[in-house]
Amino acid sequence: MTSAQRKRKEIHGAIRNAAIQEFARNGLAGTSTQAIAQTAGITKAQLHYYISSKEELYQQVLGEIVAQWKDIFFLSASREDPALAIIEYIDRKVRHALEYPDVSRFFANEIARGAPEMVPHWNDLKSAVEEASGVIQEWIDSGKIRPVDPLLFQINMWAVTQHYAEYEAQTRVLMGKPEHSPLDADRIVAEATQLFLQRCGLHSKEEEEKP
C-alpha cells in the first residue's frame, strides 16, 4: 500500500468514526457535515471530496453496522454446541457494545425514529435472524436446549447486551462508575451468559466443574 493509499484509508476511517459519533448523538437531521468534518479532524471541503452528502454517508455507515452485526452472530464456528455458541455470542456482543457504544446508539436512534433509512437493509438483517432462528430450532428439535421462542430469544439477547451502550449513563450511576472509567465487562458478561444459558437449561463449564 502506497503512502497515498494509506492516507486515504485513514481519512475514510476518520470520517466513518466521526459520522457514527455525530449521528449517534444528534441523529441524521441534527448532524451537519461541518460537525462531521470537525470531529474527523478535516475541513468541510476535504469531507465533501470523499462524500456527496450526509444522507449518503448515513446510509453507508448504517449498512456497515448491519453487516458488522451479522458477522457477530453466533452461528458459524460453534453452531453444533449451543452452550459454546451462546457464551461466545454474548461475550462478543457485550464487549463490542462497551468498546463501541456509539454504534449501538446510532442503530437504536434510527429504530426509535421509525427506521426510515433501514429500508435497504432489512432483508440482510432478517436473513441473518432467520438463519439464527433455524439453528436455535434445530437445537430445540434435537433436545440440546429447552424450548424457547427462537426469535424472541435473539431479541432479548440484543436488549440485554446493548443496554450497556444505550443506557450507559444510567449504568454508570447505578454501578458507581465515573465517566471514562471502564465498566466491568467480565461481570456483565458473566451475568448475561448465566441468564440465557439457564433459560435454555444449559450450564457453563465452570458450573459443570463445581463439586
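Observations on the model:
- Condition check for Arg95: part of a helix (DSSP H, G or I), closer than 20 Å to Ile20 by Cα and open to solvent by 70 Å² or more (accessible area, probe 1.4 Å): yes
- Scan of the stretch 153-171 for residues that are under 12 Å from Arg199 (Cα atoms) and either open to solvent by 60 Å² or more (accessible area, probe 1.4 Å) or out of contact with any Ser or Thr (no Cβ under 9 Å at 6 or more places or on another chain) (or both), ordered by number: Asn156, Met157
- Failed condition for Leu183, given (1) open to solvent by 90 Å² or more (accessible area, probe 1.4 Å); (2) aliphatic (A, V, I, L, M); (3) part of a loop (DSSP other than H, G, I, E, B): (1)
- The residue that is most open to solvent (accessible area, probe 1.4 Å), among those in the stretch 98-131 that are over 16 Å from the mean Cα position of the chain (by Cα) and closer than 24 Å to Leu195 by Cα, is Glu130.
- Applying a threshold of 6 Å to beta carbon distances and a minimum spacing of six or more residues, or different chains, the list of pairs starting in the stretch 53-66 at a residue that is open to solvent by 10 Å² or more (accessible area, probe 1.4 Å) and ending at one that is not in a loop (DSSP other than H, G, I, E, B) reads Lys54/Thr33.
- As a summary of the residue check, Ala85 satisfies the conditions (1) open to solvent by less than 10 Å² (accessible area, probe 1.4 Å); (2) in contact with a helix residue (DSSP H, G or I) (Cβ under 7 Å, 6 or more places away or on another chain) except for the one numbered (2).
The values are calculated or read from the model by the stated rules, or taken from the named source; none is laboratory data. None of the values given here were measured: they were computed from a predicted structure. Cβ atoms come from the backbone with ideal geometry, glycine included; neighbour counts cover every protein chain shown. The protein model used for the area step is the full one, side chains on, heavy atoms only, and it has no ligands, DNA or RNA in it. Shrake-Rupley method; radii C 1.70, N 1.55, O 1.52, S 1.80 Å.
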